[in-house]
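The values are calculated or read from the model by the stated rules, or taken from the named source; none is laboratory data. Note that the structure is a prediction, hence the values are computed from the model and not measured. Don't worry about glycine lacking a Cβ; one is built from the backbone with ideal geometry, like all the others, and counts go over all protein chains shown.
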Amino acid sequence: MNLGADLGAGSFGSHERWMRLALAEARAAGEAGDVPVGAVVVQGDRLLGRGRNQVEVLKDPTAHAEILALGAASTALGDWRLDDCTLYSTLEPCTMCAGAVLLGRPRRIVFGAPDPRAGALVSTARLLEANPYRLAFEVLGGVLEDECAELLRDFFRRLRVRGGAQD
Ligand SMILES: [Zn+2]
């Protein structure tokens, strides 16, 4: 694991470019009433898949942005192996999504905001390290962190206000 280290081919600028697309997905999730998390999967300079959190919309606990983006990318590629791909997510992936990363193998994971409550890459666990498949992953956190975190804070602030108004 190479947290915060330079990822070679991808400069921080290009990471921000893709993270902005993930942020657009996150905003759309929030507008639909889901916790605003978005993700994209990129191969080289090609966007393969995008996803937004749709747990509420689809009534599906597995409909996390990363899962949907990985699935879309596999469909686009015609292969479940995403070895040379990068997964961008606005929020540090949870345990389930880290599991999907282990199975789909995108070797780079770039996230925006850490998730101290459920993040499974660096915050509550380091699931990609010493994994049973002996695969090496590169993890970079903090890309557009403020924007990614602010979107979440805004969402929950508005929920609380709405909840209060109903009382
Ligand atoms: Zn997840």
Qualifying positions in the range 68-81 - touching a helix residue (DSSP H, G or I) at 6+ places or on another chain (Cβ under 8 Å) and surrounded by fewer than 23 Cβ atoms within 10 Å (Cβ to Cβ): SER74, TRP80, ARG81
Scan of the range 78-93 for residues that are out of contact with any Asp or Glu (no Cβ under 7 Å at 6 or more places or on another chain) and in a loop (DSSP other than H, G, I, E, B), ordered by number: GLY78, ASP79, TRP80, ARG81, LEU82, ASP83, ASP84
Count of the range 123-167 residues which are polar (S, T, N, Q) and within 17 Å of VAL110 (Cβ to Cβ): 1
Residues (surrounded by 24 or more Cβ atoms within 10 Å (Cβ to Cβ) and either within 11 Å of the ligand (Cβ to nearest atom) or not β-branched (Val, Ile, Thr) (or both)) located in the range 98-117: VAL101, PRO106, PHE111, GLY112, ALA113
Selection from the range 50-69 of residues that are part of a helix (DSSP H, G or I), within 12 Å of the ligand (Cβ to nearest atom) and more than 20 Å from ARG17 (Cβ to Cβ): VAL55, ILE67, LEU68
Subset of the range 137-153 [in contact (Cβ under 8 Å) with a residue 60 or more places away in the chain and not β-branched (Val, Ile, Thr)]: PHE137, GLU138, LEU140, GLY141, GLY142, LEU144, GLU147, CYS148, LEU151, LEU152
Unique residue being among the β-branched types (Val, Ile, Thr), within 14 Å of the chain's Cα centre (by Cα), buried (at least 23 other Cβ atoms within 10 Å of the Cβ) and at pLDDT 95 or above when the list is THR86, THR95: THR86
